[in-house]
Amino acid sequence: MKGKLHHIEIYVKDLNVSKEFWGWLLGELGYSVSQQWEQGISYIFDKTYIVFVQVEKKHLDVSYHRCKAGLNHLAFHGGSRAFVDDITSKLRDRGVKILYEDQHPYAGGPDYYAVFFEDPDRMKVEITA
Ligand SMILES: [Zn+2]
């Protein structure tokens, strides 16, 4: 286990909106709810979990921007091109904006099959075959 990612914790502007989005997406990826409390929720897959926590009101004024210093994106294995295609169409059905649409699904390069999109706080998310 040494060195493997243990968990990621992300602060979000609106926990309910993030729960709606990430609960669905992580469910598609095989995660399930691990813990849930008033200000947060965690989803687990195997031994890695991802936590979402409501930002306190006093910190809401400083917004996240993925082009500034800090986290730019999270990338998940999709397992296959078929899964990437399937999740892309589900994202579209949900009204989620697909990034780099003109290059999709090769925005990561000619030998790299992936979909890029934004979470409710405009953090970039990637799912690659
Ligand atoms: Zn990436």
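Once the Cα atoms of helix 81-93 and of the chain are each reduced to a long axis, what angle between those two axes, in degrees from 0 to 90 to the nearest 10, is obtained? Value to nearest ten degrees: 60. For the range 72-129, with the dipole built from +1 on Lys and Arg beta-carbon atoms and -1 on Asp and Glu ones, taken about the Cα centre, which of 95, 123, 75 lies farthest toward the positive end? Sorting the options by dipole projection puts first 95.
Axis of helix 15-28 versus longest Cα principal axis of the chain: the two differ by about 40°, to the nearest ten degrees.
Computing FRET efficiency as 1/(1 + (r/R0)^6) for residue 39 and residue 4, where r is the C-beta to C-beta distance and R0 is 22 Å, gives about 0.25. Pairs exceeding 21 Å between alpha-carbon atoms, taken from 2/124; 19/97; 13/124; 58/97; 13/97; 68/124: 2/124; 58/97. Subtracting the Cα-Cα distance from 0.36 nm times the residue separation, let me have the gained length for residue 80 to residue 68 in nm, one decimal. Contour length minus the Cα-Cα distance gives 1.2 nm. With the simple spin-label model, which puts each label point 7 Å out from Cα in the Cβ direction, the residue 89 to residue 57 separation comes to 4.5 nm. The residue among 8, 36, 25 whose Cα reaches farthest toward the positive pole of the charge dipole of the range 1-59, with charges on the beta-carbon of Lys, Arg, Asp and Glu, is 8.
Magnitude of the charge dipole for the chain, about its Cα centre and with charges confined to Cβ atoms of Lys, Arg (+1) and Asp, Glu (-1), is about 300 debye.
Every read-out reported here was derived from the displayed coordinates using simple, explicitly stated rules and does not represent laboratory data. Fair warning: this is a prediction, and the values are worked out from it, not measured in the lab. So basically every Cβ, Gly included, is an ideal-geometry build from the backbone, and we count neighbours across all protein chains shown.
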